[in-house]
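Trainee: Can you read through this structure? Questions will come right after.
Rule-based calculations on the coordinates, nothing more; no lab input. Quick caveat: nothing in here was measured; it's all calculated off a predicted structure. Backbone-built Cβ (ideal geometry, glycine too); neighbour counts: all protein chains shown.
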Amino acid sequence: MTSFRRCRLPLCAVLLLGLAGCAGYPGPTGFSGSLPAKGPIISDTTLNISNSVQFPLEKLIYWGAYAGAAYLILDPLAPNWEIEQAAFPDSHYHFSLKMKRVYAGGAGESRVVFHQQAKELMRQGGYDGYQVLEYTEGIESSVMGSQRVSQGVIRLTRNDAPVKAVAVAVEARSSDGN
């Protein structure tokens with residue numbers, strides 16, 4: 001799925017350039033039927049919704065293409081942050097987060113996403129807590145534009161103190177003869 005995300009922008013650009021070129025295509029088409037040999041591929045017709053409301057077909061198609069391209073680029077349902085994690089010995093984990101290059105909000109939520117991922121990992125492993133050992137935020141610049149990034153290291157912890165306290169109390173009772 002990530003390979004599809006990388007090729008969406010060039011694909012949309014090619015699609016929009018292709019649609020822009022269709023408006024004045026002068027030669028014959030590969031379709032059979034009653035398409036004109038000369039002139040635009042999108043015919044000069046209007047969609048009549050009522051006597052006073054009419055929409056040109058050409059504008060409907062172009063605005064639909066613009067809306068589709070904007071949806072593919074922004075993709076509001078896709079997560080804003082991509083997370084990679086690596087496990088190390090002694091219950092240490094390294095997280096690397098990268099934000100989408102084109103986004104509509106979510107620029108300040110890196111720390112929240114980091115802690116959500118740490119809590120999820122803690123719950124899955126049956127740990128009682130975690131400690132943040134290292135955390136950094138930054139921006140990486142490239143030809144395609146800047147991208148927010150953050151990295152951090154956590155250590156998952158178990159709380160063994162209550163178990164030890166109960167064991168000491170049980171030993172004290174047994175040594176008293178109770």
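Trainee: Go through segment 64-78 residue by residue and turn each phi into a ³J(HN,Hα) via Karplus (6.51, -1.76, 1.60, θ = phi - 60°); whole Hz please, and just put x for glycine and proline.
Mentor: 3J(HN,Hα) across segment 64-78, in whole Hz: x, 5, 5, 5, x, 5, 5, 5, 5, 6, 7, 6, x, 8, 6.
Trainee: Given N residues in segment 81-162, what is Rg(Cα) / (2.2 N^0.38 Å)?
Mentor: Relative to the rule-of-thumb radius for its length, segment 81-162 sits at 1.23.
Trainee: Can you give me the Cα centroid spacing of segment 134-160 and segment 47-86 in angstrom?
Mentor: Here the answer is 33 Å between Cα centres.
Trainee: Right, another one. Determine the gain in length on full extension of the stretch residue 54-residue 73; use 0.36 nm per residue of separation and subtract their C-alpha separation, reporting nm with one decimal.
Mentor: 3.9 nm
Trainee: I need 45, 157 ordered by Cβ neighbour count within 10 Å, fewest first.
Mentor: Arranged by neighbour count, lowest to highest, 45, 157 become 45, 157.
Trainee: Another one. Compute the distance in nm between two label points, each set 7 Å from the Cα along the Cα-to-Cβ direction, one at residue 45 and one at residue 136.
Mentor: Between residue 45 and residue 136, the simple spin-label model gives 6.1 nm.
Trainee: Return the FRET efficiency for the residue pair residue 111, residue 155: r is the Cβ-Cβ distance, R0 is 22 Å, and the value is rounded to the nearest 0.05.
Mentor: FRET efficiency, residue 111 to residue 155: 0.80.
Trainee: Hey, with R₀ at 41 Å, roughly what FRET efficiency would residue 83 and residue 62 work out to, going by the Cβ-Cβ distance, to 0.05?
Mentor: 0.65
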